[in-house]
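Trainee: The structure follows.
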């Protein structure tokens, strides 16, 4: 395969976002539904003048309402530890195994600022508010979805490639899974390193291992990845196993030198544009 670093660096794409990148609505609605009953009970407290008395009354017959308090603060944890700067003590609030301590939970509402939600000029519906919080929390998962999206894009190419050549492939391939499926031994630097893909040629019983990623932004991680994948290439080469790295994203424009060093060192460093042009067909088996 003819190598041309300029082709790699000048054909990076700016985005691989699909419509399901923005919000995982299924997860948002599922999480909201799990707490909907407790949230509707808490709606009773909205606009009440004497919040503490009303909370104690509601808690007396519905202690499960406190399970919904963490999400109102955009927190996933069910056990929250708070350090008191004055007493130097650590106060633990358990929302999973509910204690019979309404005053303690109301203290959490007051000191965390949640009491402002229940004021007359606060929110009108806690179910709607919590759904908005869930959308915000889900946005934190976009980084992971970005990596998953790159895998989904690449698997479309790999699937066609394997069908055309009567190859087999495995996703999230550990050395254990590869050994179990194809009887091929892979020695790696980490006890259970998982490769994004493994492709197997039944005709000669050889495999190629793939890592894929996408970087919109720069940073030290990109340089570290280059070093890691150079070393990984060396480790696999001595085992007669090819390592293919498929990467993309404009973040690489900030880290060209380490990428070029890895590109020149490794046999296969590809991007999505190269896949579209049939680069997989040029892999040597």
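Quick grid of which residues meet (1) touching a helix residue (DSSP H, G or I) at 6+ places or on another chain (Cβ under 9 Å); (2) buried (at least 21 other Cβ atoms within 10 Å of the Cβ):
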site	(1), (2)
212	yes, yes
216	yes, no
219	yes, no
231	no, no
235	no, no
239	no, no
246	yes, yes
249	yes, yes
256	yes, no
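Trainee: Might you check whether a residue that is under 30 Å from residue 262 (Cα atoms), surrounded by 12 or more Cβ atoms within 10 Å (Cβ to Cβ), at pLDDT below 85 and in contact with a strand residue (DSSP E or B) (Cβ under 7 Å, 6 or more places away or on another chain) occurs anywhere in the stretch 3-24?
Mentor: Yes; the residues of the stretch 3-24 include at least one that is under 30 Å from residue 262 (Cα atoms), surrounded by 12 or more Cβ atoms within 10 Å (Cβ to Cβ), at pLDDT below 85 and in contact with a strand residue (DSSP E or B) (Cβ under 7 Å, 6 or more places away or on another chain).
Trainee: Among the numbered criteria (1) touching a helix residue (DSSP H, G or I) at 6+ places or on another chain (Cβ under 8 Å); (2) more than 18 Å from residue 101 (Cα to Cα); (3) surrounded by 13 or more Cβ atoms within 10 Å (Cβ to Cβ), which single criterion is violated by residue 75?
Mentor: (1)
Trainee: Among what's in the stretch 176-191 and is in contact with a helix residue (DSSP H, G or I) (Cβ under 7 Å, 6 or more places away or on another chain) and closer than 22 Å to residue 155 by Cβ, pick the residue that is surrounded by the most Cβ atoms within 10 Å (Cβ to Cβ).
Mentor: Within the stretch 176-191, the match that is surrounded by the most Cβ atoms within 10 Å (Cβ to Cβ) is 186.
Trainee: Looking at residue 262 and the list (1) under 28 Å from the mean Cα position of the chain (by Cα); (2) under 29 Å from residue 164 (Cβ atoms); (3) modelled with pLDDT under 95, which single condition is not satisfied?
Mentor: Going through the list (1) under 28 Å from the mean Cα position of the chain (by Cα); (2) under 29 Å from residue 164 (Cβ atoms); (3) modelled with pLDDT under 95, residue 262 breaks only (3).
Trainee: Sticking with this structure for a sec: Inside the stretch 225-266, can you point out the residues that are touching a residue at least 40 places away in the same chain (Cβ under 8 Å), over 21 Å from residue 198 (Cα atoms) and not in a helix (DSSP H, G or I)?
Mentor: Selection gives 249 alone.
Trainee: Find the residue count for the stretch 30-72, including only residues that are assigned to a loop (DSSP other than H, G, I, E, B), surrounded by 11 or more Cβ atoms within 10 Å (Cβ to Cβ) and free of Cβ contacts under 8 Å to residues at least 60 places away in the same chain.
Mentor: Selection size over the stretch 30-72: 1.
Trainee: Could you name every one of the strands (runs of 3 or more DSSP E) located completely within the stretch 89-204 that has at least 2 residues being within 20 Å of residue 58 (Cβ to Cβ)?
Mentor: Those strands (runs of 3 or more DSSP E) span 90-94.
Trainee: Taking the conditions exactly as written (free of Cβ contacts under 8 Å to residues at least 60 places away in the same chain and surrounded by 11 or more Cβ atoms within 10 Å (Cβ to Cβ)), does residue 118 satisfy them or not?
Mentor: Details: free of Cβ contacts under 8 Å to residues at least 60 places away in the same chain: no; surrounded by 11 or more Cβ atoms within 10 Å (Cβ to Cβ): yes.
Judged against the criteria, residue 118 is not a match.
Trainee: Also, I was wondering about something else. Among (1) farther than 30 Å from residue 249 by Cβ; (2) modelled with pLDDT of 90 or more; (3) surrounded by 15 or more Cβ atoms within 10 Å (Cβ to Cβ), where does residue 111 come up short?
Mentor: (3)
The values are calculated or read from the model by the stated rules, or taken from the named source; none is laboratory data. This is a predicted model, so every value here is computed, not measured. Don't worry about glycine lacking a Cβ; one is built from the backbone with ideal geometry, like all the others, and counts go over all protein chains shown.
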